[in-house]
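See structure below.
The values are calculated or read from the model by the stated rules, or taken from the named source; none is laboratory data. Predicted, not measured: the structure shown is a model, and the values here were computed from it. Note: ideal-geometry Cβ built from the backbone for every residue, glycine included; neighbour counts use all protein chains shown. Side chains included, ligands, DNA and RNA excluded: accessible areas come from the protein's heavy atoms. Shrake-Rupley method; radii C 1.70, N 1.55, O 1.52, S 1.80 Å.
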Amino acid sequence: MSETRFTDSHEWVRLEGDTATIGITKYAAESLGDVVFVEVPEKGRKVSAGAEAAVVESVKAASEVYAPVGGEVSEANAALEAKPATVNDDPEGAGWFFKVKGVSSADFTKLMTADAYAEFVKGL
Amino acid sequence: MDTNDNLRRTPLYALHKELGGKMVPFAGYEMPVQYPAGILKEHLHTRAVAGLFDVSHMGQAFLAGDTAQLEKATPADVIGLKDGMQRYGLLLTHDGTIKDDFMFSRLAGEVPLYLVVNAGTKEGDFAYIQSELKGVTLTPRLDRALLALQGPQAVTALERHSPGIGKLTFMQVIRTTVAGAPAIISRTGYTGEDGFEISIEGADAECVARALLGEPEVLPIGLGARDSLRLEAGLCLHGHDIDDTRDPVEANLVWSIGKRRKTEGGFAGSDIVLGKLANGTARKRVGILPDGRAPAREGTEIIKDGVVIGVITSGGFGPSKNGPVAMGYVQSEFAENGTTLELKVRGQSLPARVAPMPFVPHGYKRS
């Protein structure tokens with residue numbers, strides 16, 4: 001059983017057990033345009049909630065990807081470095097950025113639900 | 001400009017919206033940064049086939065009277081420009097720094113010169129030209145539209161609406177018609193590709209743009225791809241790669257100074273510029289290729305042996321190069337092609353090297 005939550009900086013987080021998978025939303029991917037470079041954090045790195053954890057660059061600009069929840073990076077999607085366009089093709093699936101383990105459910109439940117995020121995006 | 005209400009629109013605004021253009025503020029105008037195809041496809045299509053750009057925000061004007069006076073404000077050879085030719089020039093301050101870059105044309109059989117300056121600087125440029133030159137009348141034509149049709153098949157598409165246009169070679173310019181509308185067409189552009197710039201009455205712009213977009217070769221292209229195309233072509237963007245803190249010598253634009261002008265001088269800041277030409281400059285504009293995949297953006301520090309020796313002034317991803325490309329200024333002793341450098345990107349030092357420009361060969365139709 002997994003649930004997905006969202007941030008106002010347009011990351012999505014899918015929690016399974018105490019491991020969160022993190023990426024950028026479809027809205028973010030469309031706003032950025034063609035992604036040409038991705039930098040993901042190395043395994044074992046400790047990240048705190050709200051800290052810069054990855055980088056995504058389109059032709060036009062570079063953007064930070066923040067860790068919506070704190071924990072230790074357990075895996076990174078190295079495939080994105082070779083094929084950054086995956087972020088545009090499947091932002092909320094194969095285009096995931098990294099996984100964090102040891103996530104507290106309190107951190108997670110603070111984030112927006114899918115409905116709340118949809119409302120938030122509508123207002124932008 | 002804090003709200004979109006203050007932004008100006010070109011005559012093609014409605015068409016951009018209809019085509020799904022993503023509109024952004026640029027130089028006081030609301031302009032399409034991209035269309036639904038996206039910057040990557042737009043860029044590659046222009047290099048491979050043809051793309052249409054709205055550059056109506058740029059400043060068009062006619063300079064009548066004693067046009068030789070323009071040599072007071074630019075080191076380019078104005079007097080020697082032949083009928084039917086266009087030329088690139090720099091507008092200089094009295095300190096010998098770059099106020100703007102611009103194109104000027106001598107249309108066959110006409111006394112007035114046709115000028116095109118940058119969008120964000122046009123009012124200031126026009127005021128400067130009018131105040132520096134005696135015995136001239138400058139007539140800005142902000143009512144006119146300007147389209148750029150660029151790419152190896154631009155000529156094929158344009159021939160259908162402007163028969164015979166393919167006879168022009170690079171930097172030639174004529175008065176003709178396009179899709180029935182009176183036009184000034186030059187075989188120039190700012191993408192590094194073969195192509196044309198088409199100046200027309202604002203009222204004709206939408207009709208002409210629709211006619212060109214109706215050709216199977218032509219896609220609409222936004223400002224995003226315009227920027228990546230010109231960067232790969234090694235061409236300067238005013239306000240970034242050149243501005244009034246840079247001079248023509250360090251900017252590596254000495255080729256735009258007329259041969260006669262190098263000995264005669266007589267232009268704003270000429271003593272300073274000719275001194276630099278003789279003695280060299282402390283810095284030089286160079287091409288820079290990062291070794292990895294990470295783009296180095298404008299403002300990135302350039303490091304050699306732990307010391308900051310320069311700065312990136314334009315940088316990003318080059319879709320045709322399929323990797324990061326950049327240009328910037330370095331201390332002249334490090335300007336040699338092949339010099340290894342480091343770029344400070346997000347706190348990390350990334351290896352890079354000085355590289356010749358253009359990064360993608362120019363496709364100009366020179367003969």
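Between B:GLU110 and B:GLU301, the FRET efficiency from the beta-carbon distance, with R0 = 41 Å, is close to 0.25. Under 1.5 on a/c is rounded, so check that first for region A:3-122, then, if it is not, pick prolate when a/b is larger than b/c and oblate when it is not; a ≥ b ≥ c are the square roots of the alpha carbon gyration tensor eigenvalues. Oblate, since a/c reaches 1.5 and b/c is not below a/b. The relative contact order of chain A, computed from alpha carbon pairs under 8 Å that lie at least 6 residues apart in sequence, is 31 percent. Peptides B:144-154, B:269-279, A:20-30 ranked from most to least packed give B:144-154, A:20-30, B:269-279, packing being the mean of other C-beta atoms within 10 angstrom over each peptide's residues. For a straight C-alpha distance cut-off of 16 angstrom, the lysines reachable from B:LYS262 (same-chain residues fewer than eight places away being disregarded) are B:LYS72, B:LYS276. Candidates A:VAL100, A:GLY33, A:TYR66 compared by Cα position along the dipole of region A:3-122: farthest toward the positive end lies A:VAL100, with charges placed on Cβ. Here the sum of -39500 (n - 2.57) over DSSP H runs of 4 or more residues, divided by the residues of chain B, equals -5000 deg cm²/dmol at 222 nm, to the nearest 500. Label-to-label distance for B:ARG175 and A:THR109 is 7.8 nm, based on points extended 7 Å past Cα in the beta-carbon direction.
For region B:282-355, the relative contact order is 39 percent, taking Cα pairs closer than 8 Å that sit 6 or more residues apart in sequence and dividing their mean separation by the residue count.
By definition, a body whose alpha carbon gyration tensor gives a ≥ b ≥ c is oblate when a/c is 1.5 or more and a/b is not larger than b/c, and chain B fits this oblate description.
Projected label points at A:LYS26 and B:GLU159, each 7 Å from Cα along the beta carbon direction, are separated by 4.5 nanometres.
The distance between label points at A:GLU16 and A:ALA61 comes to 3.4 nm (points 7 Å beyond Cα on the Cα→Cβ vector).
The residues of region B:254-367 present an accessible area of 48 Å² per residue when probed at 1.4 Å with all protein chains retained. Pairs over the 20 Å Cα-Cα cut-off, from the set B:LYS99/B:LYS304; B:LYS41/B:LYS122; A:LYS60/B:LYS22; A:LYS60/B:LYS365; B:LYS82/B:LYS259; B:LYS82/B:LYS167: B:LYS99/B:LYS304; B:LYS41/B:LYS122; A:LYS60/B:LYS365. I'd like the FRET efficiency for B:GLN130 and A:LYS122, computed as 1/(1 + (r/R0)^6) with the beta carbon distance as r and R0 of 30 Å, rounded to 0.05. The pair B:GLN130/A:LYS122 has a calculated efficiency of 0.05.
Computed with a 1.4 Å probe over protein heavy atoms only, the accessible surface of region A:3-122 comes to 44 Å² per residue.
Across peptide A:30-36, the mean count of Cβ atoms from other chains lying within 10 Å of each residue's own Cβ comes to 5.
Remark: mean inter-chain Cβ contacts per residue of B:37-45 equal 3, using a 10 Å Cβ-Cβ cutoff to other protein chain atoms. For the residues of A:49-61, the average number of beta carbons from a partner chain within 10 Å of their own beta carbon is 4.
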